[in-house]
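Structure first, then comments.
The values are calculated or read from the model by the stated rules, or taken from the named source; none is laboratory data. Since this is a predicted model, take the numbers as computed values, not measurements. Here the Cβ positions follow ideal geometry from the backbone for every residue, glycine too, while neighbour counts run over all protein chains shown.
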Amino acid sequence: MHVIAPLAQAQQPGGSGISLLLPLVLIVVFYFLLIRPQRARAKSHQQLIASIGTGDRIATVGGMHGTVESIDDETVRLEVAPGTVVTMLRGSVARRIVEADTGAPGVE
């Protein structure tokens with residue numbers, strides 16, 4: 001018993017600075033790899049939604065393409081086929097479709 005007690009006391013951690021620094025480094029890495037890029041995507045999406053107007057061709061997150069008939073604070077009315085208008089939330093807009101000079105649709 002007298003032999004084990006000094007060994008147990010010698011193996012106790014002293015709380016080195018590296019063990020305290022590791023969680024901080026992980027938080028910083030997590031921020032730069034996940035949180036910051038997500039904020040940039042959200043800001044870009046908000047700018048896209050704010051710039052959409054009547055007559056723009058858009059694609060929704062559900063894959064539906066149409067022309068904006070009207071837009072208000074929360075909803076967008078899309079004409080997806082002649083005479084067929086659907087109402088969607090503004091947040092469901094994924095991207096604006098731009099017509100290239102060649103006549104083929106492109107993505108902005």
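Overview of values
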{"quantity": "Out of Ile27, Ile49, sole residue that is surrounded by 14 or more Cβ atoms within 10 Å (Cβ to Cβ), at negative phi, modelled with pLDDT of 90 or more and in a helix (DSSP H, G or I)", "calculated": "Ile49"}
{"quantity": "Every residue from the stretch 76-92 that is touching a helix residue (DSSP H, G or I) at 6+ places or on another chain (Cβ under 8 Å) and modelled with pLDDT of 95 or more", "calculated": "Val76"}
